[in-house]
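K.L.:
Quick one: the structure is below, questions incoming.
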Amino acid sequence: PWLGVNHLEGHINSVFLEPDPPRFPFVALLASGGHTSVYHVTSHTKMEVMGQTRDDAAGEAFDKVAKMLGLGYPGGGIIGRLAEKGNPGNVLFPRIYLDKSEFDFSFSGLKTAVNRYIQTHQESCQEQIADIAAGFQEAVVDVLSYKIIRAAMEKNCRDIAIVGGVAANKRLREKVRQDAKDKGIAVHIPSFDLCGDNAAMIAAVGYHSLKEGSVSDMDADVYSRAL
């Protein structure tokens, strides 16, 4: 059979390639270089967008801040490792929650705040680079964790999934698990190898779609953004 697959659905299904997958319905945070969205997931192929970024994706913000600091690409792993050596309390950046009752994100203001700090502390920037990385990372992680925990409470879900490339961030994994434990919510995160784009997650969506009887027309095309 010929079957077109939405790779965002693939990311959400990546948690089902691990032991102890989430129970339906659950909420999922998909955070990557191109997307940052919250979903209410009711089956392997049925999911509703609850909120999404209005500008930069979380992973994109990591990449851009890494560039500002003169670090390499992609920036997520580099900033994450550097942040482990820093103290997030030494350099504080704003948490951009937008409307706390909704689930949209915005990271452009945070990115601007980091750039402004770098420009106004040029003499000490290199000495503070680990603290800057830690402060930036903590600002992103705080917002992501707050929004997905609140989404679970809004939908009365006892399970959360964190997927996409940013799900490999150790501090995000730690923070969401801490916050969810306080609420009695189970957290499901793929292994590091399954956080980025991979064939296994696409195969998982294909498997479940075929079980539901879905097939694609032979003239189905490829799109860089989900329709």
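K.L.:
Tell me, which helices (runs of 4 or more DSSP H) wholly within segment 121-227 include 2 or more residues that are of a type in the set (S, T, N, Q)?
P.N.:
129-154
K.L.:
Another question, then. Which one of I149, I132 is under 19 Å from R95 (Cβ atoms), surrounded by 24 or more Cβ atoms within 10 Å (Cβ to Cβ) and at pLDDT 95 or above?
P.N.:
I132
K.L.:
Is it true that V38 is surrounded by 23 or more Cβ atoms within 10 Å (Cβ to Cβ) and either of a type in the set (S, T, Y) or more than 15 Å from the chain's Cα centre (by Cα) (or both)?
P.N.:
no
K.L.:
Could you check segment 58-108 and list, in sequence order, the residues that are of a type in the set (V, I, T) and part of a helix (DSSP H, G or I)?
P.N.:
V65, I78, I79, listed by residue number.
One line per residue, one yes/no per condition, for (1) among the aromatic types (F, W, Y); (2) surrounded by 16 or more Cβ atoms within 10 Å (Cβ to Cβ); (3) more than 24 Å from D197 (Cα to Cα); (4) within 16 Å of the chain's Cα centre (by Cα):
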position	(1), (2), (3), (4)
T42	no, no, no, no
G51	no, yes, no, yes
G80	no, yes, no, yes
P88	no, yes, yes, no
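K.L.:
So, one more: Quickly run through segment 93-111 and pick out the residues that are more than 21 Å from H35 (Cβ to Cβ) and surrounded by 13 or more Cβ atoms within 10 Å (Cβ to Cβ).
P.N.:
Answer for segment 93-111, where residues must be more than 21 Å from H35 (Cβ to Cβ) and surrounded by 13 or more Cβ atoms within 10 Å (Cβ to Cβ): just F93.
K.L.:
Let me ask something else about it. Step by step: first the residues of segment 193-206, then only those that are out of contact with any helix residue (DSSP H, G or I) (no Cβ under 8 Å at 6 or more places or on another chain) and within 15 Å of E18 (Cβ to Cβ), then the one that is surrounded by the fewest Cβ atoms within 10 Å (Cβ to Cβ). Which residue is that?
P.N.:
This residue is D193.
K.L.:
Let me ask something additional. Return the residue satisfying two criteria in turn: it lies in segment 98-114 and is charged (D, E, K, R) and modelled with pLDDT under 95, and of such residues it is nearest to A151 (Cα to Cα).
P.N.:
Per the stated criteria, the residue is E102.
K.L.:
A further question on this structure: Of the conditions (1) under 21 Å from R116 (Cβ atoms); (2) free of Cβ contacts under 8 Å to residues at least 12 places away in the same chain, K46 clears all except one; give me its number.
P.N.:
(1)
K.L.:
Then there is this: Can you say whether S32 is within 19 Å of H11 (Cα to Cα), modelled with pLDDT of 95 or more, in contact with a His (Cβ under 9 Å, 6 or more places away or on another chain) and not β-branched (V, I, T), as far as the supplied structure shows?
P.N.:
In short, yes.
K.L.:
Report, by residue number, each residue of segment 152-180 that is of a type in the set (K, R) and either within 27 Å of N90 (Cβ to Cβ) or crowded, with 24+ Cβ neighbours inside 10 Å (or both).
P.N.:
Scanning segment 152-180 gives K170, R171, R173, K175, R177.
K.L.:
Sticking with this structure for a sec: Out of all the residues in segment 12-36, which are in contact with a strand residue (DSSP E or B) (Cβ under 7 Å, 6 or more places away or on another chain) and within 22 Å of V215 (Cβ to Cβ)?
P.N.:
Of everything in segment 12-36, just one residue is in contact with a strand residue (DSSP E or B) (Cβ under 7 Å, 6 or more places away or on another chain) and within 22 Å of V215 (Cβ to Cβ), namely I12.
The values are calculated or read from the model by the stated rules, or taken from the named source; none is laboratory data. In this text, all values refer to a predicted model and were calculated from it rather than measured experimentally. For neighbour counting, all protein chains shown are included, and Cβ atoms are generated from backbone atoms with ideal geometry for every residue, glycine included.
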